[in-house]
1. Tell me yes or no: at least one residue of segment 14-26 is at pLDDT 95 or above, surrounded by fewer than 10 Cβ atoms within 10 Å (Cβ to Cβ) and on the phi > 0 side of the Ramachandran plot.
2. Would you mention how many residues in segment 44-75 are surrounded by 14 or more Cβ atoms within 10 Å (Cβ to Cβ) and assigned to a loop (DSSP other than H, G, I, E, B)?
3. Just one of the numbered conditions (1) at pLDDT 90 or above; (2) within 11 Å of the chain's Cα centre (by Cα); (3) not in a strand (DSSP E or B) is not true of residue 78; which one?
4. From 75, 71, grab the single residue that is touching a helix residue (DSSP H, G or I) at 6+ places or on another chain (Cβ under 6 Å) and on the phi < 0 side of the Ramachandran plot.
């Protein structure tokens, strides 16, 4: 699986988890390509970046979420290693 399809699969997975909690979540770029949306949209007030890779520099991922968010959104990163049984980890900043 190439990194683009792996990323898309991760975004669909996170969106599905959030839908399970009752949110109308979907991939942010699924309809029109690069549109400036978060990787997953539908969680009000949260800018979600999804990272599915073996090694993640969490500081770079959080910086990306902070940089790309809208002014009224809090940054969040969801991460899962390949083939991990630990599930998704999430990191968010309360003060942005």
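The values are calculated or read from the model by the stated rules, or taken from the named source; none is laboratory data. Keep in mind the model is a prediction, meaning the values are calculated, not measured. Note that each Cβ is placed from the backbone with ideal geometry, even for glycine, and that neighbours are counted across all protein chains shown.
1. yes
2. 5
3. Going through (1) at pLDDT 90 or above; (2) within 11 Å of the chain's Cα centre (by Cα); (3) not in a strand (DSSP E or B) one by one, residue 78 breaks only (3).
4. Just a single option satisfies the conditions, and that option is 75.
The rows are residues; the columns are (1) modelled with pLDDT of 90 or more; (2) in contact with a helix residue (DSSP H, G or I) (Cβ under 9 Å, 6 or more places away or on another chain).
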site	(1), (2)
12	yes, no
35	no, no
41	yes, yes
44	yes, no
83	no, no
